[in-house]
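The values are calculated or read from the model by the stated rules, or taken from the named source; none is laboratory data. It should be emphasised that the depicted structure is a prediction, and the values quoted were computed from it without experimental measurement. Glycine also receives a Cβ, built like all others from the backbone with ideal geometry; neighbour counts cover every protein chain displayed.
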Amino acid sequence: MTDFEFHHQLLKLESSLKKFAYRLTLKKSDVGDLVQETFLKVLMNQEKFVKNENFKAWTFTIMRNTFINNYRRSMRENTHYEQSKESFYYWQTNHTGSDNPHSSYAALEITRHIEQLRDTLRTPFKMYIHGYRYREIADELNLNLGCVKRRIYCARKHLMDQLNG
């Protein structure tokens, strides 16, 4: 496919891409940005397009992946991870849905036990309860995905043993 044909095919998809972008974002204000970013990525990766591949499907996949990556990035940026005990208490009590003294005591007790975990279990566990995904924790701590899952499992098991015993 020549450069001219490639660009022509891309421009023919513009209205379909706008409709798809609206279905993904549900905001008219974000449609143009997503389409523009998709166009840029398609043009930058033109040499990666396989001639006999479905151009429309390839382009729509780029848009979908761009949307997903942007969404995940915005979730990570909006996730605030603090290591202070006070912030954990605040977060814990605001999300329990109950303001009774028993809940406050239980939250403090759980936090105390979490803080007693050894670092190799505590760090991934705290990241997990603050909304990080397994893959994000593995990347951040430079660990294998299976290792992260195992450490979180061990932390849960240890906490359940401590709190039930």
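The set of residues from segment 20-35 being surrounded by 11 or more Cβ atoms within 10 Å (Cβ to Cβ) and either in contact (Cβ under 8 Å) with a residue 40 or more places away in the chain or not aliphatic (A, V, I, L, M) (or both) comprises F20, A21, Y22, L24, T25, K27, D30, G32, D33.
Results for (1) under 16 Å from the mean Cα position of the chain (by Cα); (2) buried (at least 16 other Cβ atoms within 10 Å of the Cβ); (3) hydrophobic (A, V, I, L, M, F, W, C), shown as yes or no for each residue.
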position: Y128; (1), (2), (3): yes, yes, no
position: R135; (1), (2), (3): yes, no, no
position: N142; (1), (2), (3): no, no, no
position: I152; (1), (2), (3): no, yes, yes
position: K157; (1), (2), (3): no, no, no
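Evaluated against (1) modelled with pLDDT under 90; (2) of a type in the set (F, W, Y); (3) in a helix (DSSP H, G or I), Y81 falls short on exactly one condition, (3). Starting from residues that are exposed (fewer than 11 other Cβ atoms within 10 Å of the Cβ), in a helix (DSSP H, G or I) and not hydrophobic (A, V, I, L, M, F, W, C), keep the ones in segment 1-12 and report whichever is modelled with the lowest pLDDT. Only one residue tops the list, namely D3. Contact annotation: residue pairs with Cβ atoms under 8 Å, 6 or more positions apart or on different chains, pairing a residue in segment 62-77 that is more than 21 Å from E14 (Cβ to Cβ) with a partner that is in a helix (DSSP H, G or I), are R76/E136. Only residues that are touching a Phe, Trp or Tyr at 6+ places or on another chain (Cβ under 9 Å) and part of a helix (DSSP H, G or I) were counted in segment 13-27, giving 7.
Please work out which residue is modelled with the lowest pLDDT, limiting yourself to segment 44-62 and to residues that are of a type in the set (S, T, N, Q) and over 17 Å from L24 (Cα atoms). Once the filter is applied, the top-ranked residue is N52.
Here's the yes/no breakdown for (1) over 21 Å from the mean Cα position of the chain (by Cα); (2) at pLDDT below 90; (3) of a type in the set (A, V, I, L, M):
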| residue | (1), (2), (3) |
| --- | --- |
| E14 | yes, no, no |
| R64 | no, no, no |
| S87 | yes, yes, no |
| T93 | yes, yes, no |
